[in-house]
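To start, the structure itself, in structure tokens.
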Amino acid sequence: MTAALSEVSVRDLLRMKVGRPVDLSAIDPRSTPGLPGLPVTGPDRKSWARAELRRLGDDLAEQQEMLHAQAVAGAAAGRRVLLVLQAMDCGGKGGAVKRVAGAMNPLGLRIQAFGPPTAEELSHHFLWRIRRALPDAGQVGVFDRSHYEDVLVVRVESLVPEQEWRPRYDEINAFEAELVDDGFVVIKVFLHISYEEQRERLLARLTDPTKHWKYHPGDVDARAKWPDYQAAYAEALSRCATEAAPWYVLPADRKWYRDWALAHLLREHFAELDLSYPPARFDLRAEQARLLAGDGHLVNER
């Protein structure tokens, strides 16, 4: 890592203050917090960030492997990482999962996208389906949308009365504190895009045949309620930013910055775990001798 990168903490720059109101209008979705000063602009800047992402991806893959290895060896004490991604429609959750989480070994990942709840899910507490999707010890879990939909969509679309969804902030905080106590590292990221950028991404889905499958007419209906959704997000970020499970607001209009910053954010959390490969739980010399002796026996028989 270069000196310029090592001096910056993306985690500190993007973290919301606990107990303070969040003003999303004060955060520029096209800004690039933490990006080191570069002597290049334009396409070269993007190329640099993408090259950095590949380097960071290799590091994330190694960290994930060490986390998994410690769990297999019984040395991880139930530790696991849960990345929660929230965003407006077209906010880039899928792209972030593909480019950042995609650098890790699929065997150590558990990725769950949460759509509208099924009839069975609606018959249970709103956290029921979330608990069922949590990663196992040694895994990295990624939520594409999450339990926060139950204070966002539910609120804006008036799916349940306010007296039902408003107490959920406290329930969510208690739930996340429980996870942290059980060994989870909870990383909650709001991918913050602008109203203008969402329009461009929706238009791209309409004009590019390879993206038609991504388009839903309901996206335009939700877009008409942009101020309501921004207010709902602001309150969720304010009410549920805790010391145990803080919220990070990541400016996401620039996809190449989004991926670079998210990879950095994950790397900083992994670094705090101070992971390493577990030591052998057997006599290395004895096992080497057994292996070589067995090979010698077979060679002599031939």
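Quick notes on this structure:
- Helix-derived mean residue ellipticity, 222 nm - over the chain, DSSP H n ≥ 4, -39500 (n - 2.57), to 500: -14500 deg cm²/dmol
- In the range 228-292, the trypsin sites (Lys or Arg not before Pro) that fall in loop regions by DSSP, at most 12 other Cβ within 10 Å: 281
- Between the residues 148, 184, 100, the greatest Cα displacement towards the positive end of the dipole of the chain, with unit charges on the Cβ of Lys, Arg, Asp and Glu, is found for 100.
- Whether the range 79-216 is rounded, prolate or oblate, judged on the alpha carbon gyration tensor where a/c under 1.5 counts as rounded: oblate
- The range 21-97 - percent of accessible surface contributed by carbon and sulfur, probe 1.4 Å: 52
- Value of Rg to Rh for the range 110-172 (Rh from inverse mean 1/r over Cα pairs, i.e. Kirkwood): 0.99
- Rounded tilt (10° steps) of 168-181 against the dominant C-alpha axis of the chain: 10
- Cα shape, the range 16-151, gyration tensor, a/c 1.5 rule: oblate
- Using alpha-carbon coordinates, inclination of helix 284-301 to the longest axis of the chain, degrees: 60
- Virtual spin-label span in nm between residue 50 and residue 292, 7 Å along Cα→Cβ: 4.9
- The calculated FRET efficiency for residue 123 paired with residue 30, based on their beta-carbon distance and R0 = 51 Å, is about 0.75.
- Highest-MSF residue in the chain out of 162, 287, 62 [GNM, Cα springs under 10 Å]: 287
- Residue 194/residue 216 FRET efficiency (R0 25 Å; Cβ-Cβ; nearest 0.05): 0.80
- Tilt relative to the chain, helix 226-239 - C-alpha long axis, 0 to 90 degrees, to 10: 50
- Cα shape, the range 47-94, gyration tensor, a/c 1.5 rule: oblate
- More than 27 angstrom apart: percent of Cα pairs within the chain: 47
- Accessible area, probe 1.4 Å, largest first, for residues 264, 216: 216, 264
The values are calculated or read from the model by the stated rules, or taken from the named source; none is laboratory data. The structure presented is a predicted model; accordingly, all values stated were derived computationally and were not measured. For neighbour counting, all protein chains shown are included, and Cβ atoms are generated from backbone atoms with ideal geometry for every residue, glycine included. Side chains included, ligands, DNA and RNA excluded: accessible areas come from the protein's heavy atoms. Shrake-Rupley method; radii C 1.70, N 1.55, O 1.52, S 1.80 Å.
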